[in-house]
Structure formats: C-alpha cells, structure tokens
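Each reported figure results from applying straightforward, stated rules to the coordinates on display, with no laboratory input. From a predicted model like this one, the values you see are computed outputs, not experimental measurements. Positions of Cβ are generated from backbone atoms using ideal geometry, with glycine treated the same way; all protein chains shown enter the neighbour counts.
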Amino acid sequence: MELRRCGNTELLLSKLGAGCWAFGGGDYWGEQNQRDVNRVVRRAVELGINYFDTAEAYNNGRSEKALGEAIRGIPRDGVLIGTKISPCNTKPDVLKKHCTDSLNRLQTDYIDLYMVHWPISPQSIQHFTNDYSLINNPPELDDAFFTLNKLKEQGKIRYIGVSNFGLERLNEAREFADIVVNELPYSLLARAIEHEILPYSKQNKIGVIGYMTLLQGILADIYPTLEDVPKWQRRTRHFSADNNHLTRHGEAGAEQETNEALEGIRIIMQEVGISMPAIAIKWALAQENLTCALVGARTVEELEENVKAANEPLDPLIVEELNAVTFPLKEKLGKSFDYYESVENDRTE
C-alpha cells in the first residue's frame, strides 16, 4: 500500500484509510459486531492500511472504544489514529477532559491526529448540542488552539488538524496552530473542494484526508435509483428537499445532474469492466493532492475489495472521462462543500 506524506510532517498515511464511523454500532449505520471490527482492523493492518479515522461524536464514543479494542496487541507504531473533538467541546477545561476521554476509549497514550470536527461557530455547534448558552457564546478560537498546543507539548497528541474548515476558517486557525491536515468530503459526486480548498492546501503544504469516498453508499452501486436511497442518506444537496423531512438545506437539489453523472459513470465502468465502488476509490486516489481517502468496511470481504481497488491505479484517460461526466454536477453544486446545508447556511465558512 502506497504511503503519502501528510503535509510537511513526518506522518506517512496509507493512501487508503479506514473510516471507523460504523464501529461500535448506532442508529445511523446499524449494529456492528466487535468481532467483525477486530477482523477488519487486523486485516487492514496486514494489507498495509495504517490510518484509522474516528471521532468522539461517532456513536457517542463507541467508535473510539471499538477501535481501541481492535488495535489491542497491534504494535502502536504500526497504526496512526485520527480522532476529532466536537466544536462544542473546545473550551480549555472541557477540551482537556474530552481528549483524556478519547485517549481512554482508544486505550492509547497519544493520538496521532487530533482534529476539530467542524469550525468553532454557532452555526456548526448547534448540531452538536442544545445548550443555547454555548451556541450563542462559542469557545474562543485562540483558547481552543492554545489548549491543543499544550496537549501537543504534553505528548498527548502528535499533530493538530481540522475537519470541514473552509478557507477563512482555516486561515484563522493557522494563526494559532500548525494545522497539518484538513479532513473534507470528496468523491466523484462531491468535488466542491477542487474549486478552492484543495489547490490552497497543496500550495500551503496542508494534508487533505477525503471522506465520503463512496458518498454514503450511493457510489457503492447498491441503490438502483435515487428514489431507493434511504432518506437518511438522501439529505445532501444532491437531492431535493421535497418529501424528505430529514433534510435541512431546503433547496431543489441536483437530482438530474446526479442521475446523469451516475449514468455516465456506469457507462465507463461497463466499458472498462470495473465495479462502481472500485472505480470511485481509484478515481479518488488518482488525485495527487489527496493524502488519504477514507472508506468504511463492515466485513473483511468488503475491505479486501477496497484494498484491491486501491492497489490497481486507474488509467489517466479514464480519470479524464470520469471528470468530464461528473463536471456538470460539480458546477451545479458549486464550491460549497457543506452538502447538508444550503449555500447561505454553509457551516464551513
């Protein structure tokens, strides 16, 4: 498995990373057996995957706990752990406690990449808490990153990162800390970061970890039509807000462009004889500005298919064809990469 340098650091991340959101089980992804988690994690390490990505918010900490159980017995220097602190928990004393809690759940003395999950703003905090005193008076940015720097000095975290930070928010954070990575949504059907943040990251030597590589199953080719996608996965701006009370963006969506993009991808995959999830993984990893692409796997069989796809590069001409058939959708969705909110309510800016 190819390793890619994360920004200017000494961190070398496997180009395919393990997304651990489903670990521990929960309402969003359903139950997840710990024995399967153990098998997936250990097989991933055998196959050369060294980066495992989680967050305190994933299944109320159960994802971190499940990952901690799964890596027991694996040499600690053989895995890189990334986890995320919710923006509502970034006041100094709270942040220190939550970092300790994550360390305990992960059963480790240090976290390799500790990221602020969303910008520290009322707009994003309200999705993590109902405490309006906190929503209306969010933690101070300098206090939060001063505390993160202290945790780094203490050896509890190795590197500081962010997730879902737009240009303005990223520049603000960089005034107070050395931000080595920004974790962002990126896939064939979600290319908004190509407009600004991906070129900026390359220019400033900031690593980029891509999530939603399979767009929560849509690029796994398990749904015959967009109407078959479960409502919980149909909340992005790819879909109309009509007839789905779970959506927040309130927009007409881009269903026509999404359908046309999927049809174009299917034609290409039939021509080259590659499955849709495989072609989506290969396309993401063909982007040289991407440090690591995250893909979840619930079974060893799924994992092995993902790794096989990652280890067989895509012909550059096919990459260009895929870029072309998904370009209209990219233009329709624009530069906002908060796919769950309207452009006016973008939480990343």
Under the 7 Å Cα-to-Cβ spin-label approximation, Glu344 and Val300 lie apart by a distance in nanometres of 5.3
Of Gln32, Gln107, Gln256, the most mobile residue in a GNM of the chain (C-alpha springs, cutoff 10 Å) is Gln256
Sorted largest first, the Cα spans of the chain on the principal axes come out in Å as 54, 45, 40
Rg/Rh over Cα atoms for segment 32-141, Kirkwood Rh, comes to 1.03
For Lys150, counting only aspartates and glutamates whose alpha-carbon sits under 19 Å away and dropping same-chain residues fewer than eight positions off, the answer is Asp93, Asp101, Asp109, Asp112, Glu140, Asp142, Glu172, Glu175, Asp178
For segment 326-332, in residue order, the Karplus 3J(HN,Hα) values (coefficients 6.51, -1.76, 1.60; θ = phi - 60°; whole Hz; Gly and Pro = x) are 9, 4, x, 5, 4, 5, 5
Checked against a 30 Å limit on the C-alpha separation, the offending pairs among Lys202/Lys330; Lys65/Lys335; Lys156/Lys282; Lys65/Lys332 are Lys65/Lys335; Lys156/Lys282; Lys65/Lys332
Note to self: C-alpha centroids of segment 60-122 and segment 226-277 sit apart, in Å, by 32
GNM of the chain, Cα pairs under 10 angstrom: of Tyr28, Tyr339, Tyr211, the biggest fluctuation goes to Tyr28
Hull volume per residue for segment 202-349, using the convex hull of the C-alpha atoms, in Å³ is 129
Out of Asn60, Asn89, Asn243, a Gaussian network model of the chain with alpha-carbon springs under 10 Å gives the largest mean-square fluctuation to Asn243
Quarter of the surface of the C-alpha convex hull for segment 265-314, i.e. direction-averaged projected area in nm², equals 3.6
Those GluC sites (Glu not before Pro) from segment 30-123 that are DSSP loop and have at most 13 other Cβ neighbours within 10 Å turn out to be Glu31
Long-range alpha-carbon pairs in segment 129-211, meaning those over 17 Å apart, account in percent for 54
Ratio for segment 58-204, C-alpha Rg to 2.2 N^0.38 Å, reads 1.06
One point scatterer per Cα, no solvent, Debye formula: log10 I(q)/I(0) for segment 91-157 at q = 0.29 Å⁻¹ comes out as -1.30
